[in-house]
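Coordinate-derived values only; no laboratory data. Quick caveat, the model's predicted, so the values are computed rather than measured. Neighbour counts run over all protein chains shown; Cβ positions are idealised from the backbone, glycine included.
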Amino acid sequence: MHLHSGLREYAITSALRDSRFSPITREEVPRLSVSVSILQHFEEAEHYLDWKLGKHGIRIEFVSERGSKRTATYLPQVATEQGWDQIQTIDSLLRKGGYKAAITADLRRSIKLTRYQSEEVSASYTDYVNRRC
């Protein structure tokens, strides 16, 4: 997917189709801001702790208790914003990915982890309007 078309598609999806939130309204638009994270420098990790808090985002792949392959990801800032250490972050990602059984050291060791970095760009609606003029 090209960056330009991807941004357009995901902006609409985030604004109107994300089931976790009510669609934004016209009245809200002037108060909105947006942040976009460009993910880069993907590297397969040696093990599930081979990444640095605050520097790397992580994507995990694991097999659920029902035998299906599952994935989940967090951007680099998520763990530090939540005050989590590496184990808490991994465990939270397992839950985010749908793992419901007890989390064990063996399960953590079986994870395939990909680390990445991101560059975030933010703008308010006012910034957007001023740039268009």
Would you look at the GNM of the chain, springs on alpha carbons closer than 10 Å, and say which of 61, 28, 46 moves the most? 28
Over the chain, relative contact order from alpha-carbon pairs under 8 Å, at least 6 apart, %: 36 percent
For the chain, what are Rg and Dmax over the alpha carbons, in angstrom? 17.6, 57
The helix 86-96 Cα axis meets the longest alpha-carbon principal axis of the chain at an angle in degrees, between 0 and 90 and rounded to 10, of 70 degrees
With a 10 Å cut-off between alpha carbons and a GNM built on the chain, which of 78, 63, 34 moves the most? 34
Fewest to most neighbouring Cβ within 10 Å: what's the order for 74, 10? 10, 74
For residue 69, give me every one of the lysines with a C-alpha distance below 24 angstrom, ignoring sequence neighbours fewer than eight places off in its own chain. 96, 100, 112
Helix-only mean residue ellipticity at 222 nm, the chain, DSSP H runs n ≥ 4 weighted -39,500 (n - 2.57), per residue, nearest 500. What is it? -8500 deg cm²/dmol
GNM on the chain, Cα springs under 10 Å; top mean-square fluctuation among 25, 89, 80 goes to 25
